[in-house]
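**Student:** Take this structure first; my questions come after.
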Amino acid sequence: MHPVETFELVLVLLATVVALHWAAARIGFPPSAALLVGGGALAFLPGIPEISLDPELALVLFLPPLLMDGAYYTAFGRFRRHLPGILSLAVGAVLFTTLIVGLVVHLLVPALPWAACFALGAIVSPPDAVAARSVLQRVTLPRRLHALLEGESLLNDATGLVLFRFAVAATLSGAFDAGAAVGSFLLLAIGGVVVGAVVGFAWIAVMRRMTDDTLIVATATLLGWAAYLAGEMLHVSGVIATVAAGIIFGWHQHVVLPAKVRMQGTAFWRTLVFGLEALVFILIGFSLRGVVDRVGAEAILTDMAVPVLGVLLTVALARFVWVFGSDGVLLALRRGGLRRARPLGWRQASVLAWTGMRGVVTLAVALTLPAQMPGRDLMLVAAFAVILTTVVIQGSSLGWLIRMVRPADGDPPAAMDLAAAEAAIARAKYTEVEVRAYGADGALVHPRLLEEYRKRDDATQRYAGDVDAFTPDVRAHFGVVLAAVAAGRTELVRLHRRGMIEDEVLHDLERDLDLEEMGALFQRGD
């Protein structure tokens, strides 16, 4: 393909991404499912060239930044508190699904070697971080359930990748050592944590010494790739290294990054993640064409329909069995006197069992299968079928399921709500201003500043005492502020259009108005 044609195709894909996102938002459909279906349909249009997704490039290009994004925003306190449950899903559920899928596939296709059957199980077993994040952004979940799903999506790729590599090696060599596999897995996991911690703290030390905002944002953007590549280079888990580095950076960024840099970085990072997530799903859709061209539509329908359907049902049922089985164990332990055991209950367990969307890792791993791998075509078709059905069916119905079962939030609330925290911050500000408002001789130097912060402190203390009573007045107050900001913005644009101010003045004052508007929207609760 000519370079100009390649660029034109990229523009078509970007326009398609925007159109599909808009359409999905209009009809209430998950964007990931819309992109997946739309990419698959677009790939078969006449005149569209075939696009192949290099599996190694896909993993290193998409996985680190998207894992980094999830880790950066992870609530570390809840992650640590629910780590046993997260590991149960990220390790136990993946192992269980791999085992059950392998047994079912061997039952349906007896000619396929055992190790190859388990390789297919490892391919389809780990739910995808990108797919999970895409769906979770659209729903409201209890805090414990959100922590479990978020933590699982960050760690389970490492389990699936290790299982896949061992299964492929066992298939091609005919030998498998369970003890060596467990030891290797522990080494990869612990090594990944160590490498991620080293890279994360080194990155923070570097950013502390930077003064250029753009360089800080660029440096922070590279952290996910640096941790992943460092982990892979040292033969440990690049996935876990990326997650560890992201959690460390997310924990320390509040004191490392200036507010301006954080605002700039957040805007840039969200745009980057949006683009990457969109490209992931639309390229997965395009990969359908390569699978159909390679295997043939007739062979898929006649020779592979039964085993693929078996894989689909097994993947879904295995997760339900694991989730409800684990919850049953917790319930039995609690009834036996272990008060720390907290079962989810059937409502939360139902939602947790249904959120098993697969995505880029499943497809990329399937595409790395060696050409001489027995059952390779079946594995490719099954991998795509699992991605398509889980993203489209489970992803699109998750919101409906949540509304039907209405899972309750069983986690204890934090000690302070938003109003109490605002009151504490206002008191701290007033206390600091009160100390600095007087000169060395005891004379009041900043009377207006002291009075302003005293009023803020009084207002927030009254608001925290009776939030419901003051909320209408607060919204009305900041509604006036927003109207004033809009009037100021109109006047600023008018002055610029008449040539009365320079572009630099426009940008500086526009930034101030943006900050004021953001603060007013937050205070109003929008």
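**Student:** Along Cα→Cβ, 7 Å out, is where each label goes; now give me the distance between the ones at M233 and I425 in nm to one decimal.
**Tutor:** Placing both labels 7 Å along Cα→Cβ, they lie 4.0 nm apart.
**Student:** State the Cα centre-to-centre distance between segment 447-526 and segment 247-265 in whole Å.
**Tutor:** Comparing the Cα centres of segment 447-526 and segment 247-265, I get a distance of 24 Å.
**Student:** Still on this model: Return the sequence-ordered ³J(HN,Hα) values of segment 327-340 in whole Hz as given by the Karplus equation 6.51 cos²θ - 1.76 cosθ + 1.60 applied to θ = phi - 60°, using x for Gly and Pro.
**Tutor:** With the stated coefficients, segment 327-340 comes to 5, x, 5, 4, 5, 5, 5, 5, 5, x, x, 7, 5, 6 Hz.
**Student:** Oh, and also: Ordering D473, D441, D411, D213 by how much accessible area each has at a 1.4 Å probe, largest first, what is the list? Walk me through the intermediate numbers first.
**Tutor:** Working: D473 100, D441 130, D411 10, D213 45 Å².
The ordering from most to least exposed comes out as D441, D473, D213, D411.
**Student:** At a Förster radius of 56 Å, what calculated FRET efficiency corresponds to the Cβ-Cβ distance of A483 and L87, to the nearest 0.05?
**Tutor:** On the way: r = 51 Å, r/R0 = 0.92.
After rounding to 0.05, the efficiency reads 0.65.
**Student:** On to the next question. For segment 5-16, in order, what is each residue's ³J(HN,Hα) by Karplus, 6.51 cos²θ - 1.76 cosθ + 1.60 with θ = phi - 60°, in whole Hz (x at glycine and Pro)?
**Tutor:** Taking θ as phi minus 60°, the curve returns 5, 4, 5, 4, 5, 4, 5, 4, 5, 5, 5, 5 Hz for segment 5-16.
**Student:** Please give the solvent-accessible surface of H106 in Å², to the nearest 10, using a probe radius of 1.4 Å with every protein chain present.
**Tutor:** Using a 1.4 Å probe on the heavy atoms, I get roughly 40 Å².
**Student:** Now a separate question. Under the Kirkwood approximation for Rh and a Cα-based Rg, what ratio Rg/Rh is obtained for segment 1-156? Don't jump to the answer; show the numbers that get you there.
**Tutor:** Numbers: Rg = 19.1 Å, Rh = 18.4 Å.
Using only Cα positions, Rg/Rh for segment 1-156 is 1.04.
**Student:** Using θ = phi - 60° and the Karplus curve 6.51 cos²θ - 1.76 cosθ + 1.60, what whole-Hz ³J(HN,Hα) does each residue of segment 435-448 get, with Gly and Pro shown as x?
**Tutor:** 5, 8, 6, 10, x, 5, 8, x, 6, 6, 9, 10, x, 5
**Student:** What residues have an amide H closer than 5 Å to that of Y438, excluding those fewer than 5 places away on the same chain, when H is modeled at 1.01 Å from N in the peptide plane?
**Tutor:** V445
**Student:** Short version: what are the Cα gyration tensor semi-axes of segment 289-340, square root of 5 times each eigenvalue, largest first, in whole Å?
**Tutor:** On the way: eigenvalues 375, 19, 4 Å².
Result for segment 289-340: semi-axes of 43, 10, 4 Å.
**Student:** Normalise the Debye intensity by I(0) for segment 309-434, one equal point scatterer per Cα, no solvent, then take log10 at q = 0.12, 0.17, 0.22 Å⁻¹ and round to two decimals.
**Tutor:** -0.70, -0.96, -1.21
**Student:** With the cut-off at 1.5 for a/c, could you classify segment 439-481 from its C-alpha gyration tensor as rounded, prolate or oblate?
**Tutor:** Taking the square roots of the gyration eigenvalues as a ≥ b ≥ c, segment 439-481 is oblate.
**Student:** How far apart, in nanometres, would the label points at V60 and V505 be if each is projected 7 angstrom from Cα along the Cα-to-Cβ direction?
**Tutor:** 5.1 nm
**Student:** For the chain, what does -39500 (n - 2.57) per DSSP helix run (n ≥ 4), summed and divided by total residues, give at 222 nm, in deg cm²/dmol to the nearest 500? Display every interim value, and only then the final one.
**Tutor:** Numbers: 23 runs with 410 residues, N = 526.
Helices in the chain give a 222 nm mean residue ellipticity of -26500 deg cm²/dmol.
**Student:** Take each of the peptides 290-297, 234-241, average the number of other beta-carbon atoms within 10 Å over its residues, and list them starting from the highest. Walk me through the numbers before you get to the answer.
**Tutor:** Details: 290-297: 14.5, 234-241: 24.8.
The peptides rank, most packed first, as 234-241, 290-297.
**Student:** In square angstrom, rounded to the nearest 10, how much accessible surface does K455 have for a 1.4 Å probe?
**Tutor:** For K455, the solvent-accessible surface is approximately 130 Å².
**Student:** Round to the nearest 10 and report in Å² the accessible area of R427, as given by a 1.4 Å probe over the protein chains' heavy atoms.
**Tutor:** Result for R427: roughly 110 Å² accessible.
**Student:** Rounded to the nearest 0.05, what FRET efficiency do E452 and A202 have when you use their Cβ-Cβ distance and R0 = 41 Å? Show your work: numbers first, answer last.
**Tutor:** Working: r = 42 Å, r/R0 = 1.03.
Once rounded, the FRET efficiency stands at 0.45.
The values are calculated or read from the model by the stated rules, or taken from the named source; none is laboratory data. Note that this is a predicted model, so its numbers are computed, not measured. With ideal geometry, Cβ positions are generated from the backbone for all residues, glycine too; neighbour counts draw on all protein chains shown. These accessible areas exclude ligands, DNA and RNA; they are computed on the full protein's heavy atoms, side chains included. Shrake-Rupley method; radii C 1.70, N 1.55, O 1.52, S 1.80 Å.
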